[in-house]
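In what follows, a single structure is set out as structure tokens and then discussed.
The values are calculated or read from the model by the stated rules, or taken from the named source; none is laboratory data. In this text, all values refer to a predicted model and were calculated from it rather than measured experimentally. Backbone-built Cβ (ideal geometry, glycine too); neighbour counts: all protein chains shown. For the accessible areas, the whole protein counts, side chains as well, though only heavy atoms, and no ligand, DNA or RNA atoms are used. Shrake-Rupley method; radii C 1.70, N 1.55, O 1.52, S 1.80 Å.
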Amino acid sequence: MSGAKYQVMNTTPQSAPGLSIDQALAQAHAHWDAGQNIPAEMLCQQVLAVWPGQSDALHLLGLMAYAFGNVDLAIDNLRRACQAPRVAPVYLSNLAEMCRQRGLLAEGEEAARRAVGLEPTLVGAWNNLGIIQQEAGKLEESLASLTRVVGLKPDDALARNNLGNTLKRLGRLDEARQQYEAALALMPNYAEAHSNLGSLLNDLGRSDEALASIRRAMDINPRLADAYINASGVETARRRYDDALRWIDGLLSFAPLHPGGLAAKASVLVSMERPDQAVDVALQAVSAAPQSGDALLALGEALHAQGQLDQALLAFDKAIALGGLTVEKAMINRASVKTEQGDKEAALADLKAVIERFPNSASAWLPLSDMKKFKAADPDIARMERLAGPGVLLARSEATAVRFALGKAWMDAGDAERAFEHLNEGNRMMRETFAYDADETSRWIASIGQALDAKTFKRLSGGGAPSDAPVFVIGVPRSGTTLLEQILASHAAVHGAGELSAMRTLTDAYGGPAALVSALTPDVATQIGRDYLAEIAKLGGGKARVVDKMPSNFLLAGLIPLVLPGAHIIHVKRDPVDTCLSCYSKLFAREQLFTYDLTELGRFYRDYEAIMAHWRKVLPADRFLEVQYEAVVDDLEGQARRMIEFIGLPWDDAVLDFHKTKRRVRTASVNQVRQPLFNTSVGRWKPFAKQLRPLTDALGLLEP
Amino acid sequence: MSQVELEARNLIAQDRLAEAEALLRQALASGSGAASLWRMLGAAIRGQGRVAEARPIQELLVDAMPGDLSMRFDLAETLLVLGEFERGWREYHYRYQMPHTTRIERKVQKPRWDGRPIPGKTLLIHDEQGYGDTFQFMRMVPWAKARSGARVVLEINHEMHSLAARMGGFDAITLRGQLPPTFDEHCEMMSLPMAMGLKLEDLPGSPMPYLTADPERLALWRDRLKDLPRPLVCLVWAGRPTHLNDARRSMSLPMLAPLASSGATFLSIQKGPTEGLATEPPEGMTLVNLSPEIRDFEDTAAILTVADLLISVDSSPVHLAGALGRPVWVMLPFIPDWRWLMHREDTPWYPAHRLFRQASPGDWDGVVRKMVQALAERSPPGKTGQRRGSVKPPR
């Protein structure tokens, strides 16, 4: 090929009229090196006119298309360039990388393999192969390819960075960090490595350092998309969701269809409990990149949050079928949906499969621990203990999860000492990720009661939007709200809507409950009531009653009859220590900032008791019913009849078979309401009295 | 787009900046709001001449949205006009990555020179769009050669070829569009300040002047102008009409009428669509229309060398005259291009320049009044035209 001497016409003004193909190509390359794309392109086209399919000309055209951002055209040219019998291995390597960028992993892998087959020392091709394998989830193979690059070329900063990514995904965080640092020592202005190191530091819970590193990446390359996604990850991890969204919007402002950015935005919106918006954004992500596991995962999570369980399962199934890096998360999420649907066996199968493939997956161990009963000799305990031990460096969130899983396991096994060692550590790690001020919370809760005293309540009564559909079940988390809802929702005329944020959102729009009291004109009351009714009408499926079991609505209990005079409010109470212990042993998916420190937990409980004592005096008896959780356990039928009568419905025998009801349940209690009632959750705290001293002190209880 | 945003945009388009500012301040009173509103607030404040006050807003925007390169360019212009060169040049680096400029970015496939020595390597320095930019920044080519120790190839537009060739300070010259010799690294001419960390105190640098007129042309023009009574004052009243800010930087010949009272001989060296106006000079002004006789920058350079003074709006002859070391009075709009800095009457770039700034937006009358006075001080009545003038550098 290189010896061929075909004459081509050259119409470039500065060039000689006749050039050999080699000369024309050499000139084309020189023009392109100097950024003169037009003469370069003309020369390539002239070569192709004489020799259609000429590999070098096609390759150069492909490189130019790539530089101008047209990856699809570039791939098209490179594919044809690679059909030459003696294709240059570097062309195959370039094709591989472009395929990866468009998500064509299989084709990319094949091209890269051909490249290294032809030239086993071609560093760039091994590197490209390594990152394709990484994206395909073939982490061990990726590790081998990239280790080879580093062996061939120890000062290759790009390879070190890529190797770091593979190690990170393998959970080998320490080694990953070393590789990023080596890359940065070789190339201090390497934006990607700064960004990746930032993401790793975030995994380790060092958010300030993480953000500094990511900032550095943005300073070097303000258009590095991953840096924005990683920055949003840092803010999400410390629950600063507005900041997380700001980063993503910063990315989408210059790359509106970036699939990773859209997927990340959907996840943040899920965390912010804005599932409808999350679904919209996730759908955009999937349409921008139908083969992206991240996009499908985000869509599944958004649909899950929206309550569209079957649709969510479809998205997770697709992500799992794609293979790649998102399989682990997709399977865990699928298990969580299956659990909510009451299909415990399918959920267990998924979780066990994840642990088989990813033995370090604490996010799988945590739900698994909730689904079984442990004895001290259970080998799973040993496997989890290994993860919590000093030999394994887990990401912060994983390290936290495994502590909660172990806490549960040792409580089952009756070892209070060990259980609390893990629970205290897990709660401490969680508590470090956010700011919470117990004094501020106390003042805020008290201010609600002060704003809405009995006199004010009376004065503001008589308005609102009339409807007897709404039923509110309120209480502290873990006090039995899920159980009560499940019992009520087993009635044919009742829909259980789960935990709705609607009432809080409507109140927040006026600056919170205390501010709302002073703003509550008859018009405002009617409007809020109507807005709430519109919200539940979408969910209720035409049933006569719709149960909203958002526990924290206890803060708003006095306001509810003012905006919804027909609503029924059921307050569930449970033994304070049992409730708090249950809170403390759970890693909540939703915001519960007061449960990760025993003293703060106790203080919150007392604030709750105080405001409930206040509501008890304010609320009219025909709107407000109190149910003792322990009484329900003792006498299900008696208490169930009391509640059904209170909400004004005729008796339905289905209520007593509540654990058979097929409906979704999404809270930390999901595995308990699927069982008939047992006494195991009454007085459960007694064996842990010693460990719970900070709590019982804060609750003001006398020593038992 | 929100109602406020729409209204503010309209007000800014109509130059009603104080009203736009009031509207935006009200909308942003809580301290938070859409980035687009903050950006307009920055523009409204800056447009009223309070550039330093606009700076923190623009810095915050860049901090919050590092990937919005248009905002970075806003900040670059603000920092540079305030003389904050270090970060200014860095932000200026994004000039080809805005929606309207990405198409013209030249995708050179070799690394950009970072200012470090690269002896034995070849460095390609290429000029960009504006002639004025190239006249102003080509002084850095010899500096870059000294700093890099490289073999320097200068790529320049066809029109300035011979002037650049005489300047020297590089190893080879090539013209825009031609295939340059093989090179290892490159740098846009306007990226040299970033690469080399140019500071205000490095200016004007040496040699100064760095361009010279062609001796043959000079002889021709000496002859052509020898009978005209001095002082000879060249006039340019408009820049290239396609320039983004041309409406603000250009004026018109009739506005310069009051200069006639000085009794100087005026020479029109205006080029472009408005050069024909020179055939109808304002009442009482002695204006010799040289425009049709000017074939290229070599003619302009020779005329400027023979003449005593150039009075011009912010356009390329200002830089050509400066590079030749000739005196210039520059007429500047209220908010000038970043290269003229704020408030001062001189410029570090050219020692013989004197700047006449608008005191309020659009106020060319005030600028002309000040120049009439300055002309009178420069050549007292009765002594007109007899000395070979040189303008004392300001300061």
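A few notes on this one:
- Filter pass, A:LEU283 being open to solvent by 20 Å² or more (accessible area, probe 1.4 Å), free of Cβ contacts under 8 Å to residues at least 24 places away in the same chain and more than 14 Å from chain B (Cβ to nearest Cβ): yes
Yes or no, residue by residue, for (1) modelled with pLDDT of 90 or more; (2) out of contact with any helix residue (DSSP H, G or I) (no Cβ under 7 Å at 6 or more places or on another chain); (3) more than 29 Å from A:ARG431 (Cα to Cα):
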position: A:ILE229; (1), (2), (3): yes, no, no
position: A:VAL234; (1), (2), (3): yes, no, no
position: A:ARG239; (1), (2), (3): no, yes, no
position: A:ASP242; (1), (2), (3): yes, yes, no
position: A:ASP249; (1), (2), (3): yes, yes, no
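- Within the stretch A:32-60, being closer than 20 Å to A:SER93 by Cβ, open to solvent by less than 30 Å² (accessible area, probe 1.4 Å) and within 14 Å of chain B (Cβ to nearest Cβ) holds for A:TRP32, A:HIS59, A:LEU60.
- Filter result for B:GLN109 (away from every other protein chain (no Cβ under 12 Å), surrounded by fewer than 21 Cβ atoms within 10 Å (Cβ to Cβ) and either outside any helix (DSSP H, G or I) or of a type in the set (Phe, Trp, Tyr) (or both)): no
- Among residues of the stretch A:65-104, those that are open to solvent by less than 30 Å² (accessible area, probe 1.4 Å) and among the hydroxyl-bearing types (Ser, Thr, Tyr), counted: 2
- B:ARG72 meets the conditions (1) crowded, with 22+ Cβ neighbours inside 10 Å; (2) under 27 Å from A:ASN37 (Cβ atoms); (3) away from chain A (no Cβ under 14 Å) in every case but one. The failed one is (3).
For (1) aromatic (Phe, Trp, Tyr); (2) open to solvent by 10 Å² or more (accessible area, probe 1.4 Å); (3) farther than 17 Å from A:ILE569 by Cα; (4) touching a residue at least 12 places away in the same chain (Cβ under 8 Å), each residue gets a yes or a no:
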residue	(1), (2), (3), (4)
A:SER490	no, yes, yes, yes
A:ALA509	no, yes, yes, no
A:ALA525	no, no, yes, yes
A:ARG530	no, yes, yes, yes
A:LYS538	no, yes, yes, no
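- Only listed residue being touching a residue at least 12 places away in the same chain (Cβ under 8 Å), farther than 29 Å from B:ILE335 by Cα and assigned by TED's automatic domain parsing to the domain that holds B:PHE334, chosen from B:TRP221, B:TRP237, B:TRP143: B:TRP221
- Residue count for the stretch A:290-305, restricted to those that are modelled with pLDDT under 90 and either crowded, with 18+ Cβ neighbours inside 10 Å or among the aromatic types (Phe, Trp, Tyr) (or both): 2.
- The criterion of being in contact with a His (Cβ under 8 Å, 6 or more places away or on another chain) and within 28 Å of B:ASP346 (Cβ to Cβ) does not hold for B:MET167.
- Breaking point among (1) away from every other protein chain (no Cβ under 11 Å); (2) open to solvent by 60 Å² or more (accessible area, probe 1.4 Å); (3) not basic (Lys, Arg), for B:MET167: (2)
- Qualifying helices (runs of 4 or more DSSP H) (wholly inside the stretch B:286-389; at least 3 residues being at pLDDT below 95): B:364-378
- Qualifying residue in the stretch A:545-566 (condition: of a type in the set (Val, Ile, Thr) and outside any helix (DSSP H, G or I)): yes
- Here B:GLU91, B:GLU59, B:GLU86 are screened, and the one residue that is within 14 Å of chain A (Cβ to nearest Cβ) and crowded, with 20+ Cβ neighbours inside 10 Å is B:GLU91.
- Of the residues B:LEU37, B:LEU79, the single one that is at pLDDT 95 or above, more than 14 Å from every other protein chain (Cβ to nearest Cβ) and not in a loop (DSSP other than H, G, I, E, B) is B:LEU79.
- Per this entry, A:HIS29 is counted among residues that are under 24 Å from A:ALA115 (Cβ atoms), within 14 Å of another protein chain (Cβ to nearest Cβ) and open to solvent by 30 Å² or more (accessible area, probe 1.4 Å).
- Annotation: A:ARG603 fulfils all but one of (1) in a helix (DSSP H, G or I); (2) touching a Pro at 6+ places or on another chain (Cβ under 9 Å); the unmet one is (2).
- When A:ALA631 is tested against the conditions (1) open to solvent by less than 20 Å² (accessible area, probe 1.4 Å); (2) more than 37 Å from the chain's Cα centre (by Cα), the lone failure is (1).
- Members of the stretch B:132-149 that are under 22 Å from B:GLY325 (Cα atoms), open to solvent by 10 Å² or more (accessible area, probe 1.4 Å) and more than 18 Å from the chain's Cα centre (by Cα): B:PRO142, B:TRP143
- All of A:ASN196, A:ASN165 fail the test of being within 22 Å of A:LEU95 (Cα to Cα) and buried (at least 22 other Cβ atoms within 10 Å of the Cβ), apart from A:ASN165.
- Subset of the stretch A:454-485 (residues that are touching a strand residue (DSSP E or B) at 6+ places or on another chain (Cβ under 7 Å) and under 23 Å from A:GLU630 (Cα atoms)): A:VAL471, A:PHE472, A:VAL473, A:ILE474, A:GLY475, A:SER479, A:GLY480, A:THR481, A:LEU484, A:GLU485
- Residue in the stretch A:132-140 that is aliphatic (A, V, I, L, M), at pLDDT 95 or above, under 19 Å from A:ARG172 (Cα atoms) and open to solvent by 20 Å² or more (accessible area, probe 1.4 Å) present: no
- Residue, farthest from the chain's Cα centre (by Cα), within the stretch A:197-229, restricted to residues that are part of a loop (DSSP other than H, G, I, E, B) and away from every other protein chain (no Cβ under 12 Å): A:ARG206
- Test: B:GLY115 is within 29 Å of B:MET160 (Cα to Cα), in a loop (DSSP other than H, G, I, E, B) and open to solvent by 60 Å² or more (accessible area, probe 1.4 Å): no
- Search result, residues across the stretch A:246-259 that are within 16 Å of A:ASN230 (Cα to Cα) and either open to solvent by less than 20 Å² (accessible area, probe 1.4 Å) or more than 14 Å from chain B (Cβ to nearest Cβ) (or both): A:TRP247, A:ILE248, A:GLY250, A:LEU251, A:PRO259
- Single unsatisfied condition, B:PRO193 versus (1) open to solvent by less than 10 Å² (accessible area, probe 1.4 Å); (2) over 18 Å from the mean Cα position of the chain (by Cα): (2)
- Any hit, the stretch B:346-360, residues being closer than 21 Å to B:ALA257 by Cα, touching a residue at least 40 places away in the same chain (Cβ under 8 Å) and among the aromatic types (Phe, Trp, Tyr): no
- Residue match in the stretch A:406-420 (condition: closer than 30 Å to A:ALA534 by Cα and either buried (at least 20 other Cβ atoms within 10 Å of the Cβ) or not aromatic (Phe, Trp, Tyr) (or both)): no
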